[in-house]
Amino acid sequence: MKTLIKNGTVATASDIFQADVLIEGEKISLVGINLAQRVGAVDRTVDATGKYVIPGGIDPHTHLDMPFGGTTSADDFETGTRAAAFGGTTSLVDFAIQPQKGALRQGLDDWHKKAEGKACVDYGFHMIVRDVNKDTLGEMDTLVKNEGVPSFKMFTAYPGVFLVDDASIFRAMQRTGGNGGLICMHAENGPVIDVLIEQALARGDTAPKWHGLTRPPRLEGEATNRVIALAEVAKVPVYVVHLSAKEALAEVREARDRGVYAYAETCPQYLFLSHDNYEEPDFEGAKYVMSPPLRMKGNEDSLWHGLKQDDLALVATDHCPFCMKGEKELGRGNFAKIPNGAPGIETRMSLLWDGGVRAGRIDINRFVQITSTAPAKIFGLYPRKGSVAPGADADVVVFDPEKEIRWSAKTHHMRVDYNPYEGRVTRGAPTHVFSRGELIVENDQWRGKAGHGRFIKRAGPLAR
Ligand code: URP
Ligand code: ZN
Ligand code: ZN
């Protein structure tokens with residue numbers, strides 16, 4: 001199958017130029033001028049006049065079909081990857097979980113089963129490590145070397161569920177020094193947060209906003225400082241996930257200025273929402289219960305600055321949807337029982353274009369960098385993914401900078417009964433989405449199929 005995307009403006013992380021793009025089979029074969037006159041007959045032509053042709057988005061932080069506190073995240077690999085595609089994201093990296101007292105292998109097998117035959121776009125896995133011992137350290141080597149899973153998430157939060165102590169984190173970090181993997185850290189001081197939660201509940205402060213107020217930004221800053229220190233002593237890179245607070249960003253910046261390989265991602269919710277959302281009437285604030293929490297208004301300015309300066313390497317979603325009905329509701333009368341997480345897999349690209357590029361906060365190259373190229377490079381998918389270049393997978397998005405979307409739970413494709421951006425209008429959205437040469441979204445119509453998405457074995461991060 002040959003597809004010609006003609007008359008578009010190709011935008012990569014470094015360049016913008018007028019060019020046609022030829023897709024043959026699963027790959028981009030040519031990027032050049034006037035290809036229609038040079039390549040002969042094609043099976044399909046897409047006219048991209050007035051549109052950008054960009055690499056498909058890569059979301060390196062999702063939780064599909066994930067059990068959490070007696071519930072399970074609402075999107076599975078079929079509904080989640082389809083929603084991702086509608087939003088212009090053509091690859092994602094989801095978090096497999098080591099079972100309590102179980103082996104990493106078991107967690108990996110579980111996640112392969114969840115995804116196989118269901119995923120509509122390509123995917124990889126990180127592994128959440130909750131128990132560091134001789135066996136799991138050995139398994140980490142195997143995952144990096146043989147299984148294409150070179151990244152691991154560990155937590156300084158959620159005591160009794162995911163938290164691991166500093167010594168365990170340090171041992172795992174040292175191990176990645178030998179095997180070339182990357183440790184991703186959820187950095188909040190969980191034990192101290194638990195004291196604040198206990199005290200709030202004892203006072204009768206049970207509303208959703210207390211989720212935010214019991215997780216102060218200083219405790220994200222402290223944990224971020226700590227995990228960077230551990231990585232520095234272990235002499236390995238570290239990647240801080242879902243960074244929300246300017247206090248944590250300051251720690252990353254300070255370390256990077258000293259030459260430490262500290263990477264961090266933020267998420268759209270920390271750029272476009274704030275603590276004010278927790279103050280919404282009734283129980284509506286529960287929609288925004290996630291960890292780390294939304295921060296006070298003004299904090300987002302620091303994050304945008306960090307994105308411009310590359311102290312924040314990219315924007316992931318932390319897509320972890322729970323319905324209000326039957327799930328978030330479990331925390332009525334006790335905010336600590338509200339499942340943590342929010343939807344975002346579909347909204348990321350349009351929010352960042354509208355609030356980033358159109359608002360003049362970032363340019364188009366930086367948009368491509370933070371949504372696709374940087375995740376590809378850091379998480380071992382580059383150059384197969386993350387660029388519009390001959391030889392790359394034809395994961396390509398034709399992006400109309402003028403296309404408007406009014407976001408609503410009634411029309412979005414995520415399997416969740418609310419949208420955190422309900423009623424918000426964004427300008428800039430995909431019209432055509434290709435995954436390895438297959439046209440899977442065409443002008444809001446679904447053309448893809450479950451099972452098209454493949455597991456991608458990833459390499460270790462590029463920069464060490
Ligand atoms: O609230 C969140 N972020 N839920 C998903 C789990 C995690 O910590 O990333
Ligand atoms: Zn986390
Ligand atoms: Zn997460």
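The values are calculated or read from the model by the stated rules, or taken from the named source; none is laboratory data. Model, not experiment: these values are computed from the prediction. In this analysis, Cβ positions are derived from the backbone assuming ideal geometry, glycine residues included, and neighbour counts consider all displayed protein chains.
Only one of the numbered conditions (1) surrounded by 16 or more Cβ atoms within 10 Å (Cβ to Cβ); (2) of a type in the set (G, A, S); (3) in the same structural domain as G148 (by TED's automatic domain parsing) is violated by G70, and that is (1). The set of residues from segment 165-184 being more than 15 Å from A229 (Cβ to Cβ) and within 16 Å of ligand 3 (Cβ to nearest atom) comprises L182, C184.
If the requirement is being within 16 Å of ligand 2 (Cβ to nearest atom) and at pLDDT 95 or above, which of these qualifies: G148, G181, G190?
Details: G148 fails: within 16 Å of ligand 2 (Cβ to nearest atom); G181 fails: within 16 Å of ligand 2 (Cβ to nearest atom).
Answer to the check: G190.
For segment 89-123, what are the residues that are small (G, A, S), under 27 Å from G160 (Cα atoms) and touching a Leu at 6+ places or on another chain (Cβ under 9 Å)? Show your work before the answer.
Looking only at segment 89-123, we keep the residues that are small (G, A, S), and these are 91, 96, 102-103, 107, 115, 117, 119.
Narrowing further to those that are under 27 Å from G160 (Cα atoms): 96, 102-103, 107.
Hit for segment 89-123 is A96, nothing else.
In segment 278-298, how many residues are more than 15 Å from ligand 2 (Cβ to nearest atom), buried (at least 19 other Cβ atoms within 10 Å of the Cβ) and not aliphatic (A, V, I, L, M)?
Our first condition is that a residue be more than 15 Å from ligand 2 (Cβ to nearest atom); within segment 278-298, this holds for 278-288, 295-298.
Checking which are buried (at least 19 other Cβ atoms within 10 Å of the Cβ) leaves us with 278, 285-288, 295.
This time we only want the ones that are not aliphatic (A, V, I, L, M), so: 278, 285, 287-288, 295.
Residues flagged as more than 15 Å from ligand 2 (Cβ to nearest atom), buried (at least 19 other Cβ atoms within 10 Å of the Cβ) and not aliphatic (A, V, I, L, M) within segment 278-298 amount to 5.
Residue by residue through segment 247-275, note down the ones that are in contact (Cβ under 8 Å) with a residue 60 or more places away in the chain and under 13 Å from L312 (Cα atoms). So that I can check it myself, show each step before the final result.
Here is the first cut: in segment 247-275, the residues in contact (Cβ under 8 Å) with a residue 60 or more places away in the chain are 248-249, 252, 261, 263, 265, 267-269, 271-273, 275.
Those that are in contact (Cβ under 8 Å) with a residue 60 or more places away in the chain and under 13 Å from L312 (Cα atoms): A248, L249, V252, Y261, Y263, E265, C267, P268, L271.
The single condition among (1) more than 16 Å from ligand 3 (Cβ to nearest atom); (2) within 18 Å of the chain's Cα centre (by Cα); (3) surrounded by 24 or more Cβ atoms within 10 Å (Cβ to Cβ) that R366 does not satisfy is (3).
What residue, of A264, A231, is in contact with a strand residue (DSSP E or B) (Cβ under 9 Å, 6 or more places away or on another chain) and more than 16 Å from ligand 3 (Cβ to nearest atom)?
Working: A264 fails: more than 16 Å from ligand 3 (Cβ to nearest atom).
Going through A264, A231 in turn, just one is in contact with a strand residue (DSSP E or B) (Cβ under 9 Å, 6 or more places away or on another chain) and more than 16 Å from ligand 3 (Cβ to nearest atom): A231.
Within segment 327-355, track down each residue that is touching a residue at least 60 places away in the same chain (Cβ under 8 Å), out of contact with any Gly (no Cβ under 8 Å at 6 or more places or on another chain) and not aromatic (F, W, Y).
Just the residues of segment 327-355 that are touching a residue at least 60 places away in the same chain (Cβ under 8 Å), to begin with: 327, 330-331, 333-355.
If we keep only those that are out of contact with any Gly (no Cβ under 8 Å at 6 or more places or on another chain) as well, we get 327, 331, 333-336, 341-344, 351-352, 355.
Within segment 327-355, E327, G331, G333, N334, A336, G341, A342, P343, G344, L351, L352, G355 qualify.
Could you pull out every one of the strands (runs of 3 or more DSSP E) wholly within segment 1-108 that has 2 or more residues that are within 16 Å of ligand 1 (Cβ to nearest atom) and closer than 30 Å to K134 by Cβ? Per the criteria, 57-62, 89-97.
You will find that of G57, G87, G40, the residue that is free of Cβ contacts under 8 Å to residues at least 24 places away in the same chain and not aliphatic (A, V, I, L, M) is G40 and no other. If you go through segment 283-323 and pick out every residue that is within 16 Å of ligand 1 (Cβ to nearest atom), not polar (S, T, N, Q) and not in a helix (DSSP H, G or I), you end up with 15. Of the residues making up segment 31-45, none is under 26 Å from A374 (Cβ atoms), β-branched (V, I, T) and within 27 Å of the chain's Cα centre (by Cα).
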